[in-house]
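Encoded as structure tokens, the structure appears first; notes follow it.
The values are calculated or read from the model by the stated rules, or taken from the named source; none is laboratory data. Quick caveat, the model's predicted, so the values are computed rather than measured. Heads up, the Cβs are rebuilt from the backbone with ideal geometry, glycines too, and the neighbour counts pull from every protein chain shown. The accessibility values were calculated without ligands, DNA or RNA, using every heavy atom of the protein model including side chains. Shrake-Rupley method; radii C 1.70, N 1.55, O 1.52, S 1.80 Å.
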Amino acid sequence: DAGITQSPRHKVTETGTPVTLRCHQTENHRYMYWYRQDPGHGLRLIHYSYGVKDTDKGEVSDGYSVSRSKTEDFLLTLESATSSQTSVYFCATQGAGEKLFFGSGTQLSVL
Amino acid sequence: TQLLEQSPQFLSIQEGENLTVYCNSSSVFSSLQWYRQEPGEGPVLLVTVVTGGEVKKLKRLTFQFGDARKDSSLHITAAQPGDTGLYLCAGSTGTGSARQLTFGSGTQLTVLP
């Protein structure tokens, strides 16, 4: 399995504050993804990256930005957190074919 | 937008029983993946089915891709408590990038000892 580390694992923050979630991989995979998981919605793609400094929007990108300055790191920033962004966030990398390897997730609560 | 509907949404059974969960769409997919997710962890890929009508077996789990490549099923024989988890299907349109994967909302399976 790909070595994917997400940090923090849990975070509680207040509405209006910026929040950055970090994803670190050790497999040198080119493609990286950020998803959010909410009850009844499955996994929804927020942003993805197809290389260093190359990123693009997913289906639920409003209110989020990403950066990838190194192959191994992919950062997700909530510019001004809202209660609707309370969710579990997963980072994933893509291996051979379209196989995804997921991190253990970050539980984010916005109060 | 392609949609994948999974049923049932929740399933609670006794150890030793058999069960089937379904993943249905009106869209055609080039392949379909099944993942299992345990509490507090990310999903882990179980299998990918590619050919219409394909059947793959993984120990007590049997996966089938519909002939028209619009649906799939997962059958578990003699379920065990270790099978408990959220089962997710994900359909691919075959572009080579997981960016276009469509995930179902999942079936939460609980196997009681």
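When the stretch B:49-87 is filtered for residues that are among the hydroxyl-bearing types (Ser, Thr, Tyr) and modelled with pLDDT of 95 or more, the ones remaining, listed by number, are B:62, B:72, B:73, B:77, B:84, B:87.
The rows are residues; the columns are (1) at the interface with another protein chain (Cβ under 9 Å from one of its Cβ atoms); (2) of a type in the set (D, E, K, R); (3) assigned to a strand (DSSP E or B); (4) free of Cβ contacts under 8 Å to residues at least 24 places away in the same chain.
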position	(1), (2), (3), (4)
B:3	no, no, no, no
B:41	yes, yes, no, yes
B:57	no, yes, yes, yes
B:63	no, no, yes, no
B:68	no, no, no, no
B:109	no, no, yes, no
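Can you confirm whether residue A:4 is more than 16 Å from residue B:43 (Cα to Cα) and either within 14 Å of chain B (Cβ to nearest Cβ) or crowded, with 20+ Cβ neighbours inside 10 Å (or both)? So residue A:4 does not fit the description; no. All of A:37, A:107 fail the test of being under 12 Å from the mean Cα position of the chain (by Cα) and open to solvent by 60 Å² or more (accessible area, probe 1.4 Å), apart from A:107.
Just one of (1) open to solvent by less than 30 Å² (accessible area, probe 1.4 Å); (2) not in a loop (DSSP other than H, G, I, E, B) fails for residue B:82. It is (1).
Set side by side, the residues A:48, A:89 differ, and just one is within 14 Å of another protein chain (Cβ to nearest Cβ) and open to solvent by less than 20 Å² (accessible area, probe 1.4 Å), which is A:89.
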